[in-house]
Amino acid sequence: MSRKLKRMLGIVLSLILLTAGCSQTAGKKESGEGSLNVVATTTMLADLAGVIGGEHVSVNGLMGPGIDPHLYQASAGDVERMQKADVVVYNGLHLEGKMSELFENLSAQGIFTICIEKSMDRSRLLISEDDGGVYDPHIWFDVTLWKQAAQGVAEGFAQADPEHGNSYIANLERYLAELDELNAYIQKRAAQLPKGQRVLITAHDAFQYFGNAYGFEVRGLQGISTDSEAGTSDVSALASFIVERRIKAIFVESSVPPKTIQALQAAVKAQGFDVAIGGELYSDSLGGEGSGDETYIKTFRSNIDTIVDALKA
Ligand SMILES: [Zn+2]
């Protein structure tokens, strides 16, 4: 089969999977029942649900900080929490790769689900050619896409709990302004690096949206999911790239064990060049309790600061 045909088949297949994995059933909350009981999969989504829901929701996050959503398996307790929820919020785009069937079942059982994938402008989604033409799920790395996610959550909440619809929309408006500020901050800091130095190398390919939005060339040791290991040829190819471009620093990710990046650093050293580990970036989860980076906004300020400080001359 030709490469092109394979890629096309991959896209068609992923489209079928996507539509199957992102259904929504509406079950409105009765008025006067107390706060909306929301379950969100990732830390990013739990934060977003809390900001948009404010005092009218109680949010339960399934995955803690530092947890890898690509590999996450729902426990029996998680399933129970989702079945009892008024609203379940998840990313889709196969981020929660081991939970797709579960979301379908929840929808079939009449649980109201908000699938962030549905609020995205399709034309702005990136497709990963290296991973067989599937959509890249790491949309939170582009703040302007995260604004669309916020919109989707607010609309979903307003639909599930119309009594407090105005409050959700007001929270959204306020938050969109804060996200605009964050976006401007990231752009300002990125601009402090000369173009040739804007190269970001991390453990897995989570940062393509980031690179696209803020002008970085991005390389990940593993693909867009962490469920396959990087081979030695991937490591040595990336090491050669680092040596050629004389890249100052590479980065560990908070939700991926550091050993792959350490192996890359060693491979660079074997080629006679020293690359620093520039620090830890939050990739598929926000900062944990006590890190000072527990919110989406703080996490992404911290990331851009870590990146620019380490790559600066
Ligand atoms: Zn990822």
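Just so it is clear, none of the values below were taken in a lab; they were calculated from the coordinates. The structure presented is a predicted model; accordingly, all values stated were derived computationally and were not measured. Reconstructed Cβ throughout: ideal geometry from the backbone, glycine too, with neighbour counts over all protein chains shown.
Observations on the structure shown:
- Entries of 98/259; 98/248; 118/248 with Cα pairs more than 30 Å apart: 98/248; 118/248
- Expressed per residue, the C-alpha convex hull volume of the chain stands at 135 Å³.
- The HN-Hα couplings worked out from phi for segment 163-171 by the Karplus form 6.51 cos²θ - 1.76 cosθ + 1.60 (θ = phi - 60°) are 4, 10, x, 4, 5, 4, 5, 5, 4 Hz, whole numbers, x standing for Gly and Pro.
- Compared with the dominant principal axis of the Cα atoms in the chain, helix 3-20 is inclined by about 30°.
- Neighbour-count order for 70, 138, fewest beta carbons within 10 angstrom listed first: 70, 138
- Degrees between helix 259-270 axis and first principal axis of the chain (Cα, 0 to 90, nearest 10): 10 degrees
- In the chain, Cα pairs under 8 Å separated by at least six residues give a relative contact order of 18 percent.
- 222 nm mean residue ellipticity, helices alone, for the chain (DSSP H n ≥ 4; -39,500 (n - 2.57); rounded to 500): -14500 deg cm²/dmol
- Choice from 218, 89, 79 showing the highest fluctuation, given a GNM over the chain with Cα pairs closer than 10 Å: 79
- Using the Cβ-Cβ distance between residue 270 and residue 192 with R0 set to 22 Å, the FRET efficiency from 1/(1 + (r/R0)^6) comes to roughly 0.10.
- Top of 43, 202, 232 by mean-square fluctuation, Gaussian network on the chain, Cα under 10 Å: 232
- Shape category assigned to segment 37-125 from the gyration tensor of Cα positions, a/c cut at 1.5: rounded
- log10 of Debye I(q)/I(0), alpha-carbon scatterers only, for segment 62-101 at 0.26, 0.27, 0.31, 0.32 Å⁻¹: -1.04, -1.10, -1.28, -1.30
- Loop sites by DSSP among the GluC sites (Glu not before Pro) of the chain, restricted to those with at most 12 other Cβ atoms within 10 angstrom, leave 130-228 as the longest stretch without any of them.
- In plain terms, the chain from residue 55 to residue 305 could stretch by 86.8 nm, reckoned as 0.36 nm per residue minus the Cα-Cα distance.
- Other residues whose C-beta falls under 12 angstrom from the C-beta of residue 216 contribute a net charge of +2, scoring Lys and Arg +1 and Asp and Glu -1.
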